[in-house]
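Working notes for the structure below.
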Amino acid sequence: MHIKSQKDFFSGLMFMGIGLAFAWGATTYNVGTGARMGPGYFPLYLGVLMTLLGAVITFKSLVVETVGGDKIGKWAWKPLFFVIMANLVFGALLAGLPYFDIPAMGLIVAIYALVFIASIAEDGWKFKATFILATILAIGSYLAFVMALKLQFPVWPAFITG
Amino acid sequence: MELIEHLSLGFGVAFTPINLLYCLVGCILGTLIGVLPGIGPVATIAMLLPATYALPPVSALIMLAGIYYGAQYGGSTTAILVNLPGESSSVVTCIDGYQMARKGRAGPALAAAGLGSFFAGCVGTLILAAFAPPLTELAFKFGPAEYFALMTLGLIGAVVLASGSLLKAIAMIVLGLLLGLVGTDVNSGVARFSFDIPELTDGIGFVVIAMGLFGYGEIISNLAQPEHEREVFTAGVSGLMPTKQDFKDMTPAVLRGTFLGSALGILPGGGALLAAFAAYALEKKMKIKPGEVPFGQGNIRGVAAPESANNAGSQTSFIPLLTLGIPPNAVMALMVGAMTIHNIQPGPQVMTSNPELFWGLIASMWIGNAMLVILNLPLIGIWIKLLTVPYRYLFPAIVLFCAIGVYSTNNNTWDVWMVGLFGIIGYSFVKLGCEPAPLLLGFILGPMMEENLRRALLLSRGDWSVFVTRPISAGLLAVAVLMIIVVTLPAVKNKREEAFVEE
């Protein structure tokens, strides 16, 4: 068996998997009939529909010829990891993680952390430039979001403000 | 004249200092993100949604709308000067606009884009004002069966007219519909697919999905590409005024672009992107006059027509949203979200229950277009400077604004974890060639579709034939089926692929 379109093959499998999962999940709720629909009715049929679509997409990817095999190509692990990480660290520092006894460090600390971690995602980042960027963004965000828009953030670390 | 009465009510609302201010803010932000490649109106509007909580609903919607049509103006600047589409709807503007810039005619190209957009924006706004009331009348005759059929048509139309694989796009819609069902079922009170996580019983945040798929997903795939050598034409933008001959050439193109764009904007799945492609294709079909520059080498019609069309399309795509409550594209899906967080149920009743909002929004679009001409032509120098800022300084800022926006939606870190997850999913979609826009439409329409299907079948006692025995519903479904059949015909299929692969 030869895969003619890599992108379609794997997206078809993904749709089949998710469709089956939703359809199976839907059967745990009351499905009901057309006239008296239960909470499981609509998701069950959508799940089945999506599984079928996924199957057709996968089938076509094995049959229909494409230019160059429609390769997925290399995953950009580095940007993926650092951008998502920057986001998660921002959340953890901003409000803390009570579950792990991590105190809130507030907006300013979180901004510096986010800018530094995100910057690593691109090759050739420089400490000084990143530090200046983080400072500008910290001051700007404080003025825009805290002072002007009055959004509710913990701004400073919890051990300073008490 | 009822129209004039309505518009004067609208201008009364839009001309208050606070609304003028937010209109201006929206237009500036729109131009900004339009000029900057790699960030579009969907991500920006998603980012700013939480920040509009504190505003009155009219001001919030005026600002968000300004971002959308402002982006159409800004996108052309980047397309002409850097040969990069600042906005996806400016892809075709690159072809002739950049060639004009290379020949030292960047000024006239920018002016053609700006003036064409302004004219198209004014016409689009008028069409919106004139067509909204009759369509609203029609919408009141709709029962649940008609609404279900209409949503089906809307979703099918959205993918038929979009680029890429039809099957995958439909699968993405279904995925969106399913994700929209996560959370508590309004009828039975059962928490569906929530895995006993309390935050999930409220459903997945719509800002979270938009931001994860459109914000993070795109940043990551942008970073994965090696940085382009950008060649910015800044020296040649001295004389903005087009010549007499330019005006003669571009006027009919602007008219055709405006007309085509307005018509395509109303269609489900339409809006700015499709309008621009179609207008360029039409101009290429028109005869070239003797002595005119051929297309692809800097023809001013190739700039004026798509730019007018994308702006007209972005205005008229508000029609289905404001009259029927059905979003025709991803940006309008976000506007539904914006209206809902301000406790306004989008649909035909908006015009009667919130006339100030309805007409104020429409009037603000006209004012916004006037502001944008000023922002984009005399002040072009500022935007050109922006183009020299490297991406490495931009993307951490975008990541930051996404993170702040997500957190402030509910002041809850749960949403921050979720957006991380959707960022990974978004990048996977990019790698697999699945477009996220249909998913967002499905996500918005999921609960509405289920509710209308449930009501329709309850009224018919479970008889599915209700969808084909009621004339309006049958007609809408027939159009949907017809669309699919037409697109899958081999001849049309090739043409469709050709149209979206305009070099």
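Pull up all non-local amide H partners of residue A:97: gap of 5 or more, or a different chain, and H-to-H distance under 5 Å with H placed in the peptide plane. Residues meeting the criterion, in which the H sits 1.01 Å from N, are A:102. Inter-chain neighbour count for B:7-15: the average number of beta-carbon atoms from partner chains within 10 Å of each residue's beta-carbon is 0. Computed from the alpha carbon atoms alone, the convex hull of region A:6-70 holds 62 Å³ per residue. Normalised radius of gyration (Cα atoms, divided by 2.2 N^0.38 Å) for chain A: 1.58. Across peptide A:105-115, the average count of Cβ atoms from other chains found within 10 Å of a residue's Cβ is 2. With the helix formula -39500 (n - 2.57) applied to DSSP H stretches of n ≥ 4, chain B reaches a computed 222 nm mean residue ellipticity of -23500 deg cm²/dmol. Highest mean packing comes first when the peptides B:112-120, B:291-299, B:355-363, B:151-159 are listed by Cβ atoms within 10 Å, giving B:112-120, B:151-159, B:355-363, B:291-299.
Mean partner shielding of peptide A:89-98, defined as the number of other chain Cβ atoms within 10 Å of each residue Cβ, is 4.
For chain B, taking Cα atoms only, Rg and Dmax work out to 22.1, 71 Å respectively. If you look at the Cα atoms of the protein assembly as shown, you get an Rg and a Dmax of 24.5, 78 Å.
Between amide H atoms placed 1.01 Å from N, distances below 5 Å from residue B:192 occur with B:183, B:184, B:185, all of them 5 or more places distant or on a separate chain.
For helix B:17-35, what angle does its Cα long axis make with the longest principal axis of chain B, in degrees from 0 to 90 and rounded to 10? Computed tilt is about 70 degrees. Neighbours of residue A:133 by Cβ distance under 14 Å: Lys/Arg scored +1, Asp/Glu scored -1, total +2. Sorted fewest first by neighbouring Cβ atoms within 10 angstrom, B:409, B:388, B:125, B:488 come out as B:388, B:488, B:409, B:125. The angle between the Cα long axis of helix A:106-120 and the longest principal axis of the Cα atoms of chain A comes to about 60 degrees, rounded to the nearest 10. Highest mean packing comes first when the peptides B:475-484, B:318-327 are listed by Cβ atoms within 10 Å, giving B:318-327, B:475-484. For the residue pairs A:128/B:385; A:78/B:431; A:7/B:431; A:74/B:431; B:244/B:289, the C-alpha atoms sit more than 18 angstrom apart in A:128/B:385. Over the residues of chain A, the helix contribution to mean residue ellipticity at 222 nm works out to -20000 deg cm²/dmol, using -39500 (n - 2.57) for each DSSP H run of at least 4. Where does the charge balance sit around residue B:303 when Lys and Arg score +1, Asp and Glu -1, over other residues with C-beta under 11 Å from its C-beta? That works out to -3.
What dipole magnitude, in Debye to the nearest 20, does the protein assembly as shown give about its Cα centre under +1 on Lys/Arg Cβ and -1 on Asp/Glu Cβ?
940 debye
In terms of packing, defined here as the mean over residues of other Cβ atoms within 10 angstrom, the peptides B:392-404, A:5-17, A:101-113 line up highest first as B:392-404, A:5-17, A:101-113.
Where a number appears in this text, it was derived from the coordinates with a stated rule and is not lab data. No experiment lies behind these values; they were computed from the predicted model shown. Virtual Cβ from ideal backbone geometry, glycine too; neighbours counted across all protein chains shown.
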